[in-house]
Amino acid sequence: MSYHRLCESDYRFLSLIWEHEPVNSTELARICAERLGWKKSTVYTMVKKLSEKGLAVNENATVRSLVPREEIQRQESRSFVEQTFSGSLPGFLVSFYRGKGITAAEAAELQKLIDSIPRKAEDGKEA
């Protein structure tokens, strides 16, 4: 799947689709009116826009996503770390936790995650 940078409104709309999918387009318009203050025409425009990007589909008035939430979150977080911290995950974590601190449980959870990630050699190839 090609990566498409999402604006905030795209992500909020996709979040509603993920939360309710598969969802009838009329029901989706009702949900968007209630939660986002959008008109029906805006919802249908957004469905079309996300369909053109290959992120959602409307078949027989039923809307569903074509990309899992986790995939979008992975792409968005990698893009953010790359753009803001020159790709340095440690740099991001230091910035995120600076002045905030970390609990022992959070440290243990992060350490468990780190231990589960495959290691790469310095040349970038998996060790």
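About its Cα centre, what dipole magnitude does the chain give when the only charges are +1 on Lys and Arg Cβ and -1 on Asp and Glu Cβ, stated in debye to the nearest 20?
Using only the charged Cβ atoms, the result is roughly 380 debye.
Sum -39500 (n - 2.57) across every DSSP H segment of at least 4 residues in the chain, then divide by the residue count to get the 222 nm mean residue ellipticity, nearest 500.
That comes out to -19000 deg cm²/dmol.
Regarding region 8-67, what whole-number volume in Å³ per residue does the convex hull of its Cα atoms give?
It comes to 69 Å³ per residue, whole-number rounded.
Expressed as an acute angle from 0 to 90° and rounded to the nearest 10, what is the orientation of the C-alpha long axis of helix 104-116 relative to the principal long axis of the chain?
Helix 104-116 and the main axis of the chain meet at about 90 degrees.
In region 70-116, what is the volume of the convex hull around the alpha carbon atoms, normalised per residue and reported in Å³?
In region 70-116, the Cα hull volume divided by residue count equals 87 Å³.
Between the helical axis of 69-85 and the dominant principal axis of the chain, each derived from Cα atoms, what acute angle in degrees is found, rounded to the nearest 10?
Orientation of helix 69-85: about 50 degrees from the principal axis.
On a 0 to 90° scale, report how tilted helix 8-20 is relative to the longest principal axis of the chain, with both axes built from alpha carbons and the result rounded to the nearest 10.
80 degrees
With an 8 Å cut-off on Cα pairs and a minimum separation of 6 or more residues, tell me the relative contact order of the chain in percent.
18 percent
Pop the C-beta distance of Ala107 and Ser15 into the FRET formula with R0 = 25 Å and round what comes out to the nearest 0.05.
Calculated transfer efficiency: 0.25.
Restricting to lysines 8 or more places apart or on different chains, can you count the pairs in the chain with Cα atoms under 24 Å from each other?
Number of lysine pairs found: 9.
So if the hydrodynamic radius of region 28-127 is defined as the Kirkwood radius over C-alpha pairs, what does Stokes-Einstein give as its diffusion coefficient at 37 °C and 0.692 mPa s, in µm² per second?
188 µm²/s
Laboratory data are not the source of any read-out in this text; all were calculated from the coordinates shown. Every value quoted in this text rests on a predicted model; they were computed, and no experiment measured them. Every residue, glycine among them, receives a Cβ derived from its backbone with ideal geometry; neighbour counts consider all protein chains shown.
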